[in-house]
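Here is the structure we will look at, set down as structure tokens.
The values are calculated or read from the model by the stated rules, or taken from the named source; none is laboratory data. Computed from a predicted model, the values in this text were never measured in an experiment. Counting neighbours? That spans all protein chains shown, and the Cβs are built from the backbone with ideal geometry, glycine included. To get the accessible areas, we keep the full protein, side chains included, count just its heavy atoms, and leave off ligands, DNA and RNA. Shrake-Rupley method; radii C 1.70, N 1.55, O 1.52, S 1.80 Å.
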Amino acid sequence: MKTKKNTALVVGANGVIGSNLINYLEGLNNWNIIALSRRGGSNNGNIRNIAVDLLDENDYKQKLSVLTDVTHIFYAAYQDKPTWAELVQPNLAMLMNVVLAIEPIAYNLQHISLMQGYKVYGAHFGPFKTPAKESDAGHMPPEFNVDQQIFLEKQQQGKKWSWSAIRPSVVGGTAIGNPMNLALVIALYATISKELGLPLRFPGKPGAYDKLLEITDATLLAKATVWAATTQAAVNQAFNINNGDLFRWTELWPKIAAYFKMETAPPLQMPLQTIMADKEPQWEAIREKYNLAPHSYRQLSSWAFGDFVFSWDYDFFADGTKARRMGFHEFIDTEQMFYDLFNELRVKKIIP
């Protein structure tokens, strides 16, 4: 008997989160996949790529108007802006444009999954209540993650489809060309440091070196996202998703240095956006020396995100037990996750 396939619309398909979600869905064999992104991509098997500008009304209305078979929307798109207030308009508009275009024509729409993060707890402002729980009070706007959830909650009322809000910590993955990739930040920083004959110094705030943190592996996140989207008990709720363990850079940083066969030295606060701004010539020499893949330094660089993460001189973690109490029991060792990601970057010839 042939299994009936769902149709996933993955919005933000080329990012760390979206690309891993697509890989996971493809392996399940009961999903057709439509991948939306600004850059697009090549169609492959049951994956259909569509390049679309979700802020261009003519473009998104034309390209989304034929997607009548969509059963699940997985929204993981993000547009970066210089300030928190400026993030609201484009990021809320993109979600609204997708939902308002697909909902009237998708006759069997079942679920809309919204990717959020710990910004809903104010984690980006400074010390916040830890472990953060899904039921914690909100904070003063602007905050596009909250506005997006409010929109979905109101839009869903009286409808047959449901929603979920997925809240990961920093996501560990290997997708390039996006502004939030911590594993690639570390790998690039370590590679250039090593080539210059330098030890691997922690470049963040001194107080950030010994605080408790957590990470969310991109594949684990994909599994949790699909679980929430296909589990009846999980409908219309938010879930913190994390690896299940905590770490401190004091413990992990020397181990990362050892992976790259490097020595360490005492931490020294060095804004990566400043010290790495002139390193393109060094990177091009490394790329040529080791015959690496032809990705530009700009494609690989997300130094602002590295500065952001390494500035957290306060504990940064959330309570992930709600999802586990409701049936999602996956977990992963964060140290091993980093090694696996670095190995994958080597296999893809992104680093030597």
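With (1) in a loop (DSSP other than H, G, I, E, B); (2) under 20 Å from Y78 (Cα atoms) as the list, and L221 as the residue in question, which single condition is left unmet?
(1)
Being within 17 Å of the chain's Cα centre (by Cα) and either of a type in the set (D, E) or assigned to a loop (DSSP other than H, G, I, E, B) (or both) is the filter here; which residues of the range 107-164 pass it?
Of everything in the range 107-164, those that are within 17 Å of the chain's Cα centre (by Cα) and either of a type in the set (D, E) or assigned to a loop (DSSP other than H, G, I, E, B) (or both) turn out to be Q116, G117, A123, H124.
Looking only at the range 210-233, count how many residues are under 26 Å from S162 (Cβ atoms) and in contact with a strand residue (DSSP E or B) (Cβ under 6 Å, 6 or more places away or on another chain).
Of the range 210-233, the ones under 26 Å from S162 (Cβ atoms) are 216-233.
Then keep just the ones that are in contact with a strand residue (DSSP E or B) (Cβ under 6 Å, 6 or more places away or on another chain); that gives 216-218, 221, 224-225, 228-229.
Count: 8.
Pick from the range 57-89 the residues that are within 18 Å of the chain's Cα centre (by Cα) and not hydrophobic (A, V, I, L, M, F, W, C): which of them is nearest to T230 (Cα to Cα)?
Only one residue fits best here, namely Y75.
Quick one: in the range 27-51, of everything that is touching an Asp or Glu at 6+ places or on another chain (Cβ under 8 Å) and under 18 Å from M115 (Cβ atoms), which residue is modelled with the lowest pLDDT?
Just the residues of the range 27-51 that are touching an Asp or Glu at 6+ places or on another chain (Cβ under 8 Å), to begin with: 32-33, 38, 45-47.
If we keep only those that are under 18 Å from M115 (Cβ atoms) as well, we get 33, 38.
On the way: I33: 98, R38: 94.
Taking the candidates together, the pick is R38.
All but one of (1) open to solvent by less than 30 Å² (accessible area, probe 1.4 Å); (2) touching an Asp or Glu at 6+ places or on another chain (Cβ under 6 Å); (3) under 30 Å from Y24 (Cβ atoms) hold for G207, so report the exception by its number.
So the condition that G207 fails would be (3).
Which of the residues that make up the range 239-268 are of a type in the set (D, E), outside any helix (DSSP H, G or I) and open to solvent by 50 Å² or more (accessible area, probe 1.4 Å)? Reasoning before the result, please.
Taking the range 239-268 as the starting set, the residues that turn out to be of a type in the set (D, E) are 245, 251, 263.
Among the residues that remain, those that are also outside any helix (DSSP H, G or I) are: 245, 263.
Answer for the range 239-268, where residues must be of a type in the set (D, E), outside any helix (DSSP H, G or I) and open to solvent by 50 Å² or more (accessible area, probe 1.4 Å): just E263.
Kindly establish whether W227 is under 28 Å from G41 (Cα atoms), open to solvent by 10 Å² or more (accessible area, probe 1.4 Å), touching a residue at least 60 places away in the same chain (Cβ under 8 Å) and not in a helix (DSSP H, G or I).
Answer is no for this residue.
State yes or no: is A304 out of contact with any Gly (no Cβ under 6 Å at 6 or more places or on another chain), open to solvent by less than 50 Å² (accessible area, probe 1.4 Å) and touching a residue at least 24 places away in the same chain (Cβ under 8 Å)?
Values: out of contact with any Gly (no Cβ under 6 Å at 6 or more places or on another chain): yes; open to solvent by less than 50 Å² (accessible area, probe 1.4 Å): no; touching a residue at least 24 places away in the same chain (Cβ under 8 Å): yes.
Criteria not met by A304.
Kindly check whether there is at least one residue in the range 154-164 that is under 20 Å from Y297 (Cα atoms) and either open to solvent by 10 Å² or more (accessible area, probe 1.4 Å) or modelled with pLDDT of 95 or more (or both).
To start, the set of residues in the range 154-164 that are under 20 Å from Y297 (Cα atoms) comprises none.
No - not one qualifying residue is present in the range 154-164.
What's the number of the only condition in (1) surrounded by 15 or more Cβ atoms within 10 Å (Cβ to Cβ); (2) in contact (Cβ under 8 Å) with a residue 60 or more places away in the chain; (3) under 30 Å from N30 (Cα atoms); (4) polar (S, T, N, Q) that N236 fails to meet?
For N236, the exception is condition (1).
Can you name the number of the only condition in (1) without any contact (Cβ under 8 Å) to a residue 60 or more places away in the chain; (2) over 23 Å from K4 (Cβ atoms); (3) of a type in the set (G, A, S) that A77 fails?
(1)
Restricting attention to the range 271-301, which residues are among the charged types (D, E, K, R) and either within 27 Å of F125 (Cα to Cα) or open to solvent by 70 Å² or more (accessible area, probe 1.4 Å) (or both)?
Passing the criteria: D278, E280, E288, K289, R298.
Is there any pair linking a residue in the range 253-264 that is without any contact (Cβ under 8 Å) to a residue 60 or more places away in the chain to one that is among the hydroxyl-bearing types (S, T, Y), with Cβ under 8 Å and at least six apart or on different chains, and which?
So the pair list comes out as W253/Y209; W253/T264; P254/T264.
Output the residues belonging to the range 299-325 that are more than 27 Å from D278 (Cβ to Cβ) and aromatic (F, W, Y).
Hits for the range 299-325 are Y314, F316, F317.
Evaluate the following for I286: is it assigned to a helix (DSSP H, G or I), among the β-branched types (V, I, T) and out of contact with any Lys or Arg (no Cβ under 6 Å at 6 or more places or on another chain)?
Working: assigned to a helix (DSSP H, G or I): yes; among the β-branched types (V, I, T): yes; out of contact with any Lys or Arg (no Cβ under 6 Å at 6 or more places or on another chain): yes.
Against the criterion (assigned to a helix (DSSP H, G or I), among the β-branched types (V, I, T) and out of contact with any Lys or Arg (no Cβ under 6 Å at 6 or more places or on another chain)), I286 qualifies.
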